[in-house]
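A short reminder: the numbers here are calculations on the coordinates, not readings from a lab. Quantities reported herein were computed from a predicted structural model and do not represent experimental measurements. Positions of Cβ are generated from backbone atoms using ideal geometry, with glycine treated the same way; all protein chains shown enter the neighbour counts.
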Protein chains: 4
Amino acid sequence: MLGLAAARTIVAEALDHARSLDLPPMTVAVLDAGGHLVTFVREDGSSLYREAIARGKAMGALGMGTGSRTLQARAAAHPEFINAVTVLAGGALVPVPGGVLIRSDDAGRLVGAVGVSGHLPDADEACAVAGIVAAGLSADTGAGS
Amino acid sequence: MLGLAAARTIVAEALDHARSLDLPPMTVAVLDAGGHLVTFVREDGSSLYREAIARGKAMGALGMGTGSRTLQARAAAHPEFINAVTVLAGGALVPVPGGVLIRSDDAGRLVGAVGVSGHLPDADEACAVAGIVAAGLSADTGAGS
Amino acid sequence: MLGLAAARTIVAEALDHARSLDLPPMTVAVLDAGGHLVTFVREDGSSLYREAIARGKAMGALGMGTGSRTLQARAAAHPEFINAVTVLAGGALVPVPGGVLIRSDDAGRLVGAVGVSGHLPDADEACAVAGIVAAGLSADTGAGS
Amino acid sequence: MLGLAAARTIVAEALDHARSLDLPPMTVAVLDAGGHLVTFVREDGSSLYREAIARGKAMGALGMGTGSRTLQARAAAHPEFINAVTVLAGGALVPVPGGVLIRSDDAGRLVGAVGVSGHLPDADEACAVAGIVAAGLSADTGAGS
């Protein structure tokens, strides 16, 4: 189980990472393994779709069982498949980096996902990873899969 | 404008109030004046619809321009109207106390809304009010309107 | 976690119970703690809405954190609240008995829910309880809460 | 008519086939000729969108009257048509192999469809076909049409 305490650490550290890089306003959503929102922060000045994008990255990762970086590659190779799942999911699949699976550090068990939106996808993903690692958990971006 | 700093204070103080009363797990959502989520916390053990309920209380308050306590009275007096709006809004109107408008302390200008769900409606509303007041803002429950 | 093996036992035993009582065709859905379908059976001759009803009983129980028997009482006392949540949930809340929370037998931890539809609500619920108990788990109908 | 007994055989044999090939966790949905779910199994560890994908493959096959392998070819040749139908259907058309029509062995009459998701489309389809054949029915993948 991903508890609120760990989820809050993830958000705080992801935002600290964003501030250390002087990124624009960021939005961070943490979902549990069932895809339900645990905690959420939208920094001042974030545009209106940032919640949906951050959640869509995280939920798409949980829905497909891989970080959203992999989904970007699949969307390029098989757009008809990723398009169909995106419609099925009511849009809750955003196939660009920034949706990262959270695994327990020991057994690699899936416990949730983080979605970050606000800057370029690589930077968004770096913030998610920084948050997860700072919470003593393992970040699975989908890279290499 | 309701900034993230004030929204976080509202959440922290609402949850402190819930803990001081030994309430069950609570869920708190803070929306800005446009109805967009600023920050959100779901305590461990909250059931799955708590996000939707907390947001529905807050969004219904913004949507109708009055705290959700008033909406409960209107639903009793004019169920056909409140039912119609509830369906129009896709459910984002939950007519029980716990959705509280946030007004600036000086001019009474509307800056957002808080929705709380987890216990009985009166207790949910008391948590929302405690959070808003602790942030130096004015809570409009709809009582008396 | 509610695994597939336990979920299948629940379905098999719930249907055995229905057959021992000579009930009409039954539909049984087992959801995990996140509300996702694990396994499902619709007996020959079941009418077309049975899937939606069985899932709505189970999902409503998970969404509100109590068996659907309690939700029936709440719908009677506060129809405006249960109506609003039903719309919010896209209908996935059916406030009659037959949606039963599954708890681990030792710690009472929530691991999922069963929904049964096909006959009168009390009989539907009895089938769900029979299945859960046969799987060595604890059934929480919401009675007494 | 596709009865529950045959549907359960299809699921059991499809999963046996998957296990014999050491595939990752699989999800199998069996729909009747009206597109209604008869039985469903999601193996432990399946990701959250597998139900929607498996059903989308099977429902798309029924909806268009051909196995989803054909729909993949049509999506390549006429993406504007398949995209439009996918949106019409709320996503319940996933144009990759793994959605297989079930026909009666003698007259070729359509009795339902199976959808499988979990691994690469060809492997998913092979599991569906193995299940249908083991149940003494005829599998129509859409290949050659």
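For the stretch A:4-140, the relative contact order works out to 31 percent when only alpha carbon pairs closer than 8 Å and six or more residues apart are counted.
Which residue, chosen from A:Gly90, C:Pro24, D:Val11, occupies the Cα position most advanced towards the positive end of the dipole of the protein assembly as shown, where the dipole is computed from +1 (Lys, Arg) and -1 (Asp, Glu) charges on Cβ about the Cα centre? It is A:Gly90.
How much of the calculated P(r) for the stretch C:22-117 lies past 15 Å, in percent of all Cα pairs? Could you put the intermediate results ahead of the total?
Numbers: 2604 of 4560 pairs.
It works out to 57 percent of all Cα pairs.
Need one word for the stretch C:92-145: rounded, prolate or oblate. Basis is the Cα gyration tensor (sqrt eigenvalues a ≥ b ≥ c); a/c below 1.5 gives rounded, then a/b vs b/c decides. Taking the square roots of the gyration eigenvalues as a ≥ b ≥ c, the stretch C:92-145 is prolate. Determine the dipole magnitude for chain D: charges of +1 sit on the beta-carbon of Lys and Arg, -1 on that of Asp and Glu, nothing else is charged, the reference point is the Cα centre, and the result goes in debye to the nearest 20. Dipole magnitude for chain D comes out near 280 debye.
Here the label points at B:Arg19 and B:Ala33, each 7 Å from Cα along the C-beta direction, are separated by 3.3 nm in the simple model. Taking every alpha-carbon pair under 8 Å whose residues sit at least 6 apart, the stretch C:1-57 reaches a relative contact order of 33 percent. Structure remark: mean-square fluctuation, Gaussian network model of chain A, C-alpha springs under 10 Å; the largest value among A:His17, A:His119, A:His78 belongs to A:His78. Considering chain B as a Gaussian network with a 10 Å cut-off on Cα pairs, which listed residue, B:Gly131, B:Gly35, B:Gly118, attains the greatest mean-square fluctuation? Largest GNM mean-square fluctuation: B:Gly35.
How many Å³ per residue does the convex hull of the Cα positions in the protein assembly as shown occupy? If you can, show how the numbers build up before the last one.
Numbers: hull volume 89.2 nm³, N = 580.
For the protein assembly as shown, the hull spanned by Cα atoms encloses 154 Å³ per residue.
When a footprinting reagent is the concern and you count Cβ atoms within 10 Å, what order do A:Glu51, D:Glu80, D:Glu125 take, fewest first?
Working: A:Glu51 21, D:Glu80 7, D:Glu125 26.
Fewest-to-most ranking of A:Glu51, D:Glu80, D:Glu125: D:Glu80, A:Glu51, D:Glu125.
Highest mobility in the GNM of chain B, judged by mean-square fluctuation with C-alpha springs under 10 Å and restricted to B:Thr27, B:Thr66, B:Thr86, is found for B:Thr86.
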